[in-house]
1. Hey, ASP82 hits all of (1) open to solvent by 70 Å² or more (accessible area, probe 1.4 Å); (2) closer than 11 Å to ALA12 by Cβ but one; which does it fall short on?
2. Among all residue pairs at least 6 apart or on different chains, which show Cβ distances below 6 Å where the first residue, located in the stretch 7-22, is in contact (Cβ under 8 Å) with a residue 40 or more places away in the chain and over 16 Å from GLU112 (Cα atoms) and the second is part of a strand (DSSP E or B) and open to solvent by 70 Å² or more (accessible area, probe 1.4 Å)?
3. Go through (1) over 11 Å from the mean Cα position of the chain (by Cα); (2) in contact (Cβ under 8 Å) with a residue 24 or more places away in the chain; (3) open to solvent by 50 Å² or more (accessible area, probe 1.4 Å) and name the single condition SER47 misses.
4. Considering every residue within the stretch 57-76, establish whether at least one is closer than 22 Å to LEU24 by Cα, touching a helix residue (DSSP H, G or I) at 6+ places or on another chain (Cβ under 7 Å), open to solvent by 40 Å² or more (accessible area, probe 1.4 Å) and not aromatic (Phe, Trp, Tyr).
Amino acid sequence: VSQTAYLESQNAIFTALKEEFTELEAVGITKDSTLKDYAEAVKAANSFTANIIEKDGLVYFTYEKDVSGKSFFYLATVYKTDDAFWLVNFACESKNKEEFEPKFIEWAKTVEFEK
């Protein structure tokens, strides 16, 4: 319910959250903010301790979180469109991190937004 898009397979999860600039102004994020600014705000709002990585045209960070008794690995990427920032998460069980992290990075490079 809280995501703009959600896909799940047997082994991986994809979520996308659109946050319009007008909604983010209350936390100091505007249309002039950078992807790194938005990523820092997401980390702060969720109390994540992670380094922001800027590599291969992506801005992202990784973290792990326990959900319903299982440990999950997340790769969170951020994007900017004309009217919003987007937080796109790829996730898998932590035990599958080595297999999926390179795939998540490749998949993140294919994310596109239509006008």
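The values are calculated or read from the model by the stated rules, or taken from the named source; none is laboratory data. Please read all numbers here as calculations on a predicted model, not as lab measurements. Every residue, glycine as well, gets a Cβ built from its backbone with ideal geometry; the counts of neighbours run over all protein chains shown. Just so you know, the surface numbers come from the protein's heavy atoms only, side chains and all, with ligands and any DNA or RNA stripped out. Shrake-Rupley method; radii C 1.70, N 1.55, O 1.52, S 1.80 Å.
1. Failing condition for ASP82: (2).
2. Short answer, once both residue conditions are applied: none.
3. Here SER47 meets the rest and fails (2).
4. no
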